[in-house]
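One structure is given below, encoded as structure tokens.
The values are calculated or read from the model by the stated rules, or taken from the named source; none is laboratory data. The structure displayed is predicted, hence computed values, not measured ones. In this analysis, Cβ positions are derived from the backbone assuming ideal geometry, glycine residues included, and neighbour counts consider all displayed protein chains. Heavy atoms of the whole protein, side chains included, go into the accessibility calculation; ligands, DNA and RNA do not. Shrake-Rupley method; radii C 1.70, N 1.55, O 1.52, S 1.80 Å.
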Amino acid sequence: MKIAFGCDPNASNMKLKLMEFVQGLGHEVKDYGSDDPIYANTAITLAEAVAAGECDRGILVCGTGIGVSIAANKVKGAYAACIHDIYQAQRAELSNHANIITMGEQVVGIELAKCMVKEYLSCEFDVNGRSGAKVQAIYDYENK
């Protein structure tokens, strides 16, 4: 998979470590930056790329993960889940078909972040599974 990465300047170290980790898992990575102090700019640019299919999934990091999640979710076709544990990382894809995960460098340690990313990337949404109709309802509303 091709994974998009972005962050605000405060989360550069975590982003770089996660990019290296994801490459080690055999995925291609694309860096959408970390220099813009307006985290919404990076989040929106990354979300547009994921929604357009330029990247398969995205990972955004800021202080808490909340701001980049809100910004990314403003892009049509972007579905960002702010995660804090491994179960949420798994369910982001399996239950919600999130194409972006977000997390906070100030609230999640790097080793937990690696575990969450690995779990998220190992999961595949089943459109015919029990969450299929629930996710479809979100898509339908978005496309009204």
Problem - Dipole moment magnitude, nearest 20 debye, region 1-131 about Cα centre, only Lys, Arg, Asp, Glu C-beta charged - result: 220
Handout entry: Charge context of Cys62, other residues only, Cβ under 13 angstrom, K/R +1, D/E -1
Key = -2
Practice task
Evaluate the Debye formula for region 78-144 with equal point scatterers sitting on the alpha carbons, no solvent, and hand back log10 of I(q)/I(0) at q = 0.11, 0.13, 0.19 Å⁻¹, in q order, two decimals.
Solution key: -0.27, -0.37, -0.70
Exercise for the section: Between Lys17 and Val127, with labels modelled 7 Å along Cα→Cβ, what's the label distance in nm to one decimal, could you check? Expected result: 3.8
Exercise for the section: Express the relative contact order of the chain as a whole percentage, based on alpha carbon pairs under 8 Å and six or more residues apart in sequence. Expected result: 23
Exercise for the section: For the chain, give the percent of accessible area contributed by carbon and sulfur heavy atoms, probe 1.4 Å, rounded to a whole number. Expected result: 50
Exercise for the section: Kindly express, to the nearest 10 degrees and within the range 0 to 90, the angle between helix 132-142's C-alpha long axis and the longest C-alpha principal axis of the chain. Expected result: 80
Exercise for the section: Kindly give Rg over Rh for the chain, based on alpha-carbon atoms, with the Kirkwood expression for the hydrodynamic radius. Expected result: 0.94
Completion exercise
Gyration tensor on Cα atoms of region 1-61, a ≥ b ≥ c root eigenvalues, a/c under 1.5 rounded, else prolate if a/b beats b/c, else oblate, says oblate
Fill in the blank from the handout: Among Ala98, Val117, Ile44, the residue whose Cα sits farthest towards the positive end of the charge dipole of the chain (+1 at Cβ of Lys and Arg, -1 at Cβ of Asp and Glu, taken about the Cα centre) is Ala98
Practice task
Please give the solvent-accessible surface of Leu94 in Å², to the nearest 10, using a probe radius of 1.4 Å with every protein chain present.
Solution key: 50
Handout entry: Crossing angle, helix 12-24 versus the chain [Cα axis fit, 0-90 degrees, rounded to tens]
Key = 60
Fill in the blank from the handout: Taking 0.36 nm per residue of separation between Lys144 and Asp35 and subtracting their Cα-Cα distance, the length gained on full extension comes to 35.7 nm
Practice task
Place +1 on the Cβ of every Lys and Arg and -1 on the Cβ of every Asp and Glu in the chain, take the dipole about the Cα centre, and give the residue among Val61, Asn143, Val107 whose Cα lies farthest towards its positive end.
Solution key: Asn143
Problem - Principal-axis tilt of helix 39-51 within the chain, Cα atoms, nearest 10 degrees - result: 40
Exercise for the section: Determine the percent antiparallel among the DSSP beta bridges restricted to the chain, to the nearest 5. Expected result: 0
